[in-house]
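Asks: To start, I am sharing the structure in question, which I have written as structure tokens.
The values are calculated or read from the model by the stated rules, or taken from the named source; none is laboratory data. Small disclaimer: the values here were computed from a predicted structure and weren't measured. Reconstructed Cβ throughout: ideal geometry from the backbone, glycine too, with neighbour counts over all protein chains shown.
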């Protein structure tokens, strides 16, 4: 599982959206439409509990890999938490680099 995280800063976006938003990419390699929909529902419920930990104006994309439908709930929660923590660390590093270059 891969999590992409971006904080949008354009004035147009700030007028429209303040709360974080999350999107899911579940390819056909995961399974048929029933399996893909179940996977998205599971991920949506896991991410719903983590929206408060995301920065304002954040856009998150969760990309899945084949075999995710065979993972039990607790393992899936751990993978989501790990991938999200990694994305947040990368965002902090990018933000620190930008602030260092400007200051």
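Asks: Got at least one residue in region 22-36 being in contact with a helix residue (DSSP H, G or I) (Cβ under 9 Å, 6 or more places away or on another chain), part of a helix (DSSP H, G or I), more than 20 Å from residue 86 (Cβ to Cβ) and at pLDDT 90 or above?
Replies: Yes, that holds for at least one residue.
Asks: Name every residue in region 53-75 that is part of a helix (DSSP H, G or I) and either surrounded by fewer than 12 Cβ atoms within 10 Å (Cβ to Cβ) or free of Cβ contacts under 8 Å to residues at least 40 places away in the same chain (or both), in order of residue number.
Replies: Result: 53, 69, 70, 73, 74, 75.
Asks: Does residue 83 satisfy the condition of being modelled with pLDDT of 90 or more, under 14 Å from residue 7 (Cβ atoms) and part of a helix (DSSP H, G or I)?
Replies: Against the criterion (modelled with pLDDT of 90 or more, under 14 Å from residue 7 (Cβ atoms) and part of a helix (DSSP H, G or I)), residue 83 does not qualify.
Asks: While we're on this one: From the list 78, 31, pick out the single residue that is surrounded by fewer than 18 Cβ atoms within 10 Å (Cβ to Cβ) and either touching a residue at least 12 places away in the same chain (Cβ under 8 Å) or more than 12 Å from the chain's Cα centre (by Cα) (or both).
Replies: Of 78, 31, the one residue that is surrounded by fewer than 18 Cβ atoms within 10 Å (Cβ to Cβ) and either touching a residue at least 12 places away in the same chain (Cβ under 8 Å) or more than 12 Å from the chain's Cα centre (by Cα) (or both) is 78.
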